[in-house]
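Only one structure is covered here, and it is reproduced in the block below.
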Amino acid sequence: MALAWLWLLATVISLVSGVVMALVCWGVGASLSEVRFHVGPPLLSFRIRGVKWSLGFLNFGASVTFEPLGIRRDGSDNNSFLQLPLFLRLIVHLSTVAGMLLLAVACLSPARGLAAFTSGFEQVVNVLLARERVVAFLALLRTEGFVPALGVLSAKLAALNLLPLPPLTGYMLLRELWQGIFKPRTPNAGIPAWGIMLVLLLLLGWGYGLYEGLVNPYSREPGIGVMFREAKKLIGSAADP
């Protein structure tokens, strides 16, 4: 049952962030050919005003495909996004995070939403405490209800997306800024493999924490974070004369 609630929370966040991104793209003049609210293969797709919209089983991220405009002289693909000025391209990149923050503020309050966002940077990278935080979040979902839990999760995902790791928004912003100011755009630049590996490690850590939080929520055995802290204490004691 908890997994179903988590899936529903993630789906709502993907829908909101995806719609906000699409609206921002249209607002700055970038034409779209597809809006996806998922990763992996689609389960449901439909067209509205010539744009394909799709949902999948893994609704854990929203993305868009821009209307192609042929091939550039350097051999790279051209599209409506690349025709925008630099500051508008940065706004487009930030739109998904802005959608998540707006959702967090709407569900919690401006103060609580921003507090949940700023504390999220440390929390999302500290996978050693993943199980404890999963248990705490599920307790929040049970006691406070769907809307506050939606706000908290949306704020944490906004913080996650601003990490400077490919293919997250933080990295895309830095790359766009670097290429826009210091050097021309690299033709068909891909996503570095090292960044994908780091993001996968983060996801694996949280996947394990989610499993432990669901299967052993009341386990008295020390979590991996506690074991690491105790190990550091032992190492420090052994080094003392």
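Things worth noting here:
- For chymotrypsin sites (Phe, Trp or Tyr not before Pro), the sites in the stretch 99-204 that DSSP calls loop and that have at most 13 other Cβ atoms within 10 Å are 182.
- In the stretch 2-225, taking the dipole from charged Cβ atoms about the Cα centre, the farthest positive-side position among 201, 58, 95 is held by 95.
- The protection proxy used here, the mean number of other Cβ atoms lying within 10 Å of each residue, ranks peptides 126-134, 35-43 as follows, highest first: 126-134, 35-43.
- Dipole-positive endmost among 139, 177, 127 within the stretch 99-198 (Cβ charges, Cα centre): 177
- Residue 79 long-range amide H proximity, modeled H, under 5 Å: 69
- About the Cα centre, charge dipole magnitude for the stretch 2-225 (Lys/Arg +1, Asp/Glu -1 at Cβ), debye: 340
- Rounded to 0.05, the FRET efficiency of the residue 183 and residue 63 pair, given R0 = 22 Å and the Cβ-Cβ distance, is 0.30.
- Residues within the reach of a label modelled at residue 146 (point 7 angstrom out along Cα to beta-carbon, backbone nitrogen below 14 Å), restricted to the stretch 31-60: there are none.
- When each of 13, 91, 181 is scored by the number of other beta-carbon atoms lying within 10 Å, the sequence from fewest to most is 181, 91, 13.
- For the pair residue 1 and residue 52, label points projected 7 Å from Cα toward Cβ lie 3.9 nm apart.
- One chain, two ends: residue 194 and residue 109. Fully extended at 0.36 nm per residue, the span grows by 26.9 nm beyond their Cα-Cα distance.
FYI, it's all coordinate maths here, none of it is from the lab. Remember, it's a predicted structure, so these values are computed and weren't measured experimentally. FYI the Cβ positions are ideal-geometry reconstructions off the backbone, even for glycines, and counts take in every protein chain you see.
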